[in-house]
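Written out below as structure tokens is the structure these notes cover.
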Amino acid sequence: MNENQKKCIREIQEVVISINDIVEKYGLSDEFLSCIAVGFLDMDSRYTDEYGGERADMNLLSSFSVTDEDELDDLLSYCVEAYRMDANEDSLDSSSINYWINLSNGDNSVN
């Protein structure tokens, strides 16, 4: 991790602490859920795995505010679903090839 990345992570950590302080200030700790993971890829460590995918080590900062593993599972499931919804927005853009592929439902016949 280079010096700029370290400085950036430290500053982000201060913001995360501030977020938790705000939640405490309003007495909402028992109702608050959060999952934060930020970091940097270590491009010096990148390699290609046996399947041809590019990989690299990561330097991460993470914070979880949940009461138990079930809450964590629910929160992570939401994150996955929200990511998928964002990724699928391409399918609503008629200028995207995915729009036309999805429109045909994978049927390669001509309309």
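The values are calculated or read from the model by the stated rules, or taken from the named source; none is laboratory data. No experiment lies behind these values; they were computed from the predicted model shown. Cβ coordinates were reconstructed from backbone atoms using ideal geometry, including for glycine residues, and neighbour counts include every protein chain displayed.
Do we find that Leu41 is in contact with a helix residue (DSSP H, G or I) (Cβ under 8 Å, 6 or more places away or on another chain) and either of a type outside the set (Lys, Arg) or surrounded by 11 or more Cβ atoms within 10 Å (Cβ to Cβ) (or both) in this structure?
On the way: in contact with a helix residue (DSSP H, G or I) (Cβ under 8 Å, 6 or more places away or on another chain): no; either of a type outside the set (Lys, Arg) or surrounded by 11 or more Cβ atoms within 10 Å (Cβ to Cβ) (or both): yes.
Criteria not met by Leu41.
Any idea which of Leu28, Leu72 is within 21 Å of the chain's Cα centre (by Cα) and at negative phi? Spell out how you get there, then give the answer.
Numbers: Leu28 fails: within 21 Å of the chain's Cα centre (by Cα).
Step by step, each of Leu28, Leu72 is checked, and only Leu72 is within 21 Å of the chain's Cα centre (by Cα) and at negative phi.
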- Message: Exactly one condition in (1) under 17 Å from the mean Cα position of the chain (by Cα); (2) surrounded by 13 or more Cβ atoms within 10 Å (Cβ to Cβ); (3) more than 21 Å from Ile17 (Cα to Cα) is false for Asn88; which is it?
- Response: (2)
- Of the residues that sit in the range 61-85 and are exposed (fewer than 12 other Cβ atoms within 10 Å of the Cβ) and of a type in the set (A, V, I, L, M), which one is farthest from Ser18 (Cα to Cα)? Met85
- Tabulated pairs, the range 52-68, first in the same structural domain as Ala37 (by TED's automatic domain parsing), second assigned to a strand (DSSP E or B) and of a type in the set (D, E, K, R), C-beta under 7 angstrom, 6+ apart or interchain: Glu54/Arg46; Arg55/Arg46; Ala56/Asp42; Ala56/Arg46; Asp57/Asp42; Met58/Asp42; Asn59/Asp42
